[in-house]
Amino acid sequence: MMKISRAGLQKLAWQWRGVLIAAPSIALAIIGLRSLGALQILELAALDQMFIFRGQAPIESSVVIVDITEADVRRSQRWPLTDAQLLKILQNINAQKPSAIGLDIYRDLVLEPGHQDLLKFMQTTPNLFGIKKVLGENIKPPPGLKYPEQIGANDLINDPDGKIRRFFLSIPVLEPGDSQNPPQKVVQEEAIDGFGVKLALKYLSDRQITPEVINSEKLQYRIGQLSFQPFKSNDGGYSQVNDRGYQLILNYRGGRGSFPRITMSEVQENKIPAGFFTGKVVLLGASAASLNDLYDTPFSSSIVGIPQKMPGVEIHAQVVNQLIDGAINNRTLITGWSESQEIIWIFTWAVVGGILTWGQRNAQQQGIWIIFKTTSVAIATLGIIIFSYSCFQLGIWVPVVPALLALLGTSLSITGYIAKTAGEIRATFGRYITDDVVATLLENPDGAKLGGERRLMTILTSDLRGFTALAESLSPEEVVKILNIYLGIMAEVISEYKGTIDEFMGDGILVLFGAPMLREDDPERAVACAIAMQLAMTRVNQEMAKLGQSALNMGIGINTGEVVVGNIGSAKRTKYGVVGSQVNLTYRIESYTTAGQILISTATHQAVTNSQTNPSSELQIDDRRQVIPKGVKEPITIYSIRGIKGKHQLSLPEKITDPLYSLSSPIALHLAILDGKDVSTTTIPATLIKLGHHSAEITSSKILADLTNIKINLVLGSEPNLAGEDIYAKVVEQQAESGNLRITFTALTPKIELLLNSLY
């Protein structure tokens with residue numbers, strides 16, 4: 001078994017601190033709100049939508065309803081019905097030999113004529129059941145029926161929103177009271193079954209199905225294939241509701257119209273289809289609005305249309321059917337999870353919401369992070385709903401609202417934390433180091449420790465040609481202004497290509513591709529970035545023109561090799577950067593560049609052309625040559641890059657040959673060789689014989705190697721104001737026939753530029 005060290009645990013905890021803080025906090029808050037009942041109405045509404053989405057089950061024929069409609073009430077000319085009228089209806093029903101008849105009408109009054117005949121019928125009809133009001137105002141059962149054998153409690157349970165979602169399997173009987181002294185005390189050892197329960201048990205007993213005790217202490221029972229135990233006050237989405245008596249959650253078959261029905265007038269007139277009542281449970285009750293026996297149910301939650309109430313008689317029919325169908329066909333009841341399961345469920349989704357949001361916080365583009373977060377949270381939300389609904393289909397009420405709140409609450413809280421705290425930190429430190437480096441320091445508790453690691457990466461360095469000479473003629477404020485323009489535009493380009501700016505060095509930039517995050521296409525992006533940087537010099541020079549300054553030119557060198565990357569420095573001052581001979585080689589390669597040129601090493605060339613991530617990558621090469629940089633024993637090949645094909649499709653403008661014209665009077669000059677930023681104290685006499693717009697041809701007493709950087713001073717006795725004006729150039733070609741040197745100007749002072757333009 002793999003063991004994790006203490007340091008590893010600390011690192012893991014730091015990396016996932018957002019989840020470890022937000023998830024438990026949000027989960028505990030939601031559990032607290034749920035225990036206080038703050039989420040109960042929402043959860044009940046979610047349950048209603050599951051009932052509605054499940055829709056109507058096929059009409060169940062084991063239970064039928066004799067419906068007292070509004071038309072029946074008007075036609076009877078008198079209400080309540082006389083005992084003789086009621087007797088005729090009951091006799092017509094009983095003639096078809098139903099299993100049970102349920103009289104969902106309070107009948108404790110004598111309504112002549114026909115009272116004695118009705119009384120006799122009730123006393124001699126054992127499958128006839130009446131109702132009694134137990135809770136609130138006590139209403140007595142019909143006098144002709146045996147109590148409690150033929151009497152059921154008619155009380156329905158209103159939820160906090162007034163809907164009927166539960167029913168009494170049995171209910172304790174209270175001592176009788178009156179309007180001044182309402183009943184309070186439970187009669188010891190006496191309880192009465194619910195009305196629907198009485199009818200279902202009669203139907204099942206006709207089929208030799210009777211209740212069995214599973215666990216008397218826990219009040220667990222079985223009827224046929226149906227097992228159940230009493231509802232508790234916190235089951236499902238409920239919170240601290242009254243659970244007196246023996247309650248169960250009602251699993252509705254559907255809304256109104258779930259059972260076959262016939263009107264009371266049709267029964268009175270004996271217009272009953274043959275066998276309509278035979279062997280079935282028959283309930284006689286009212287749907288007439290004037291009789292005020294209509295209730296809200298889950299199906300009253302319809303968003304579209306007018307909410308429908310359900311007659312009390314049909315709710316009792318739902319109870320009867322649920323018990324019969326469960327006992328015979330194993331139709332499940334609706335039960336909730338245990339409290340511990342619900343707590344785990346809420347914590348799980350709080351953690352999921354945290355992981356989905358926190359895990360991608362360091363996405364390179366904010367838009368990608370937002371899209372990923374939104375999509376993943378939406379999928380998780382859908383997952384909660386689908387899972388909860390699937391469980392509902394199996395009779396398990398899994399809380400939807402707390403899980404959704406845990407998922408969304410954690411996601412939003414972490415989003416807020418990232419947007420505020422991390423955003424502020426990144427904005428502050430991002431002015432000095434790149435976002436990738438900031439992420440490395442913030443997301444890794446060891447990120448700020450000194451030390452480094454060996455890594456193969458691509459390094460880019462750029463430098464403005466002759467900027468040092470230009471800066472000497474400007475005030476410090478002007479120099480800073482120009483540098484800010486140049487570095488600001490370059491930083492935008494580098495960021496676009498996911499380069500890490502290691503440091504600005506005056507007019508130079510050192511960029512890393514492969515640190516702190518290593519990507520397979522680092523060399524390819526480095527070359528594309530270099531081309532984009534050269535193209536961006538157009539924007540830089542537009543700004544320079546606004547300042548009345550000469551155009552700037554930049555050279556770029558790129559190299560790929562193994563370096564050490566990490567935090568370098570001391571406990572008080574640390575810098576994230578790279579060291580190694582390959583860094584020095586990159587600077588040497590850059591020093592060979594002329595204005596607007598990009599030079600890359602052989603290693604970078606091979607890395608791009610052999611790329612597996614973008615096989616279509618192809619470099620456009622202007623020139624290649626061998627050089628021996630300082631500190632390197634063997635010659636190396638460097639490539640002058642014009643463009644890159646494939647994914648990036650970037651190229652520099654075509655070079656226009658700079659024609660050279662012979663001067664009518666050659667100009668004497670002195671030149672000195674540059675070694676880096678150092679100028680040799682030894683000068684070499686030479687002569688300027690040909691001049692172009694950006695280049696020239698000179699003769700020299702000393703042969704200079706190609707790509708040698710030189711400083712030139714013209715010998716112009718007639719122009720004393722040009723004394724001390726420096727020209728910086730690079731040897732680009734040795735003329736084979738004459739031995740003359742072709743040079744390219746890298747930096748000119750304004751006075752020299754004016755002179756050469758006049759000569760040209």
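Here residue 510 fits the description: on the phi < 0 side of the Ramachandran plot, of a type in the set (A, V, I, L, M, F, W, C) and modelled with pLDDT of 80 or more.
Answer with yes or no whether residue 587 is of a type in the set (Phe, Trp, Tyr), closer than 22 Å to residue 710 by Cα and modelled with pLDDT of 90 or more. The answer is yes for residue 587. Restricted to the range 61-77, and to residues there that are within 21 Å of residue 294 (Cα to Cα) and surrounded by fewer than 15 Cβ atoms within 10 Å (Cβ to Cβ), the residue that is nearest to the chain's Cα centre (by Cα) is 70. Under 8 Å by Cβ, and 6 or more places apart or on different chains, what pairs join a residue from the range 233-249 that is without any contact (Cβ under 8 Å) to a residue 40 or more places away in the chain and not assigned by TED's automatic domain parsing to the domain that holds residue 30 with one that is part of a loop (DSSP other than H, G, I, E, B) and among the basic types (Lys, Arg)? Matching pairs, first to second residue: 243/232.
Scanning the range 1-40 for residues that are within 21 Å of residue 343 (Cβ to Cβ) and over 22 Å from the mean Cα position of the chain (by Cα) yields 31, 32, 33, 34, 35, 36, 37, 38, 39, 40.
Restricting attention to the range 704-760, the residues that are modelled with pLDDT of 75 or more, of a type outside the set (Lys, Arg), touching a Lys or Arg at 6+ places or on another chain (Cβ under 9 Å) and under 23 Å from residue 468 (Cα atoms) add up to 17. When the test is whether a residue is closer than 22 Å to residue 738 by Cβ and in contact with a Ser or Thr (Cβ under 8 Å, 6 or more places away or on another chain), residue 670 passes it.
Among the residues making up the range 577-595, none is touching a residue at least 40 places away in the same chain (Cβ under 8 Å), assigned to a loop (DSSP other than H, G, I, E, B) and under 45 Å from the mean Cα position of the chain (by Cα).
With respect to the conditions (1) within 30 Å of residue 157 (Cβ to Cβ); (2) of a type in the set (Asp, Glu); (3) touching a helix residue (DSSP H, G or I) at 6+ places or on another chain (Cβ under 9 Å), residue 243 lacks only one, and its number is (3). Counting only strands (runs of 3 or more DSSP E) that sit completely within the range 630-735, those holding 3 or more residues that are assigned by TED's automatic domain parsing to the domain that holds residue 498, under 58 Å from the mean Cα position of the chain (by Cα) and in contact (Cβ under 8 Å) with a residue 60 or more places away in the chain correspond to 636-644. Selection over the range 89-127 of residues that are of a type in the set (Lys, Arg) and buried (at least 19 other Cβ atoms within 10 Å of the Cβ) gives a count of 1.
Being more than 22 Å from residue 348 (Cα to Cα), at pLDDT below 95 and in the same structural domain as residue 391 (by TED's automatic domain parsing): is that true of residue 41 here?
When the stated conditions are applied, residue 41 passes them.
For the range 140-154, a tally of residues being surrounded by fewer than 19 Cβ atoms within 10 Å (Cβ to Cβ) and under 57 Å from the mean Cα position of the chain (by Cα) returns 0.
The values are calculated or read from the model by the stated rules, or taken from the named source; none is laboratory data. Predicted, not measured: the structure shown is a model, and the values here were computed from it. As a convention, Cβ positions derive from the backbone with ideal geometry for all residues, glycine included, and neighbour counts pool all protein chains shown.
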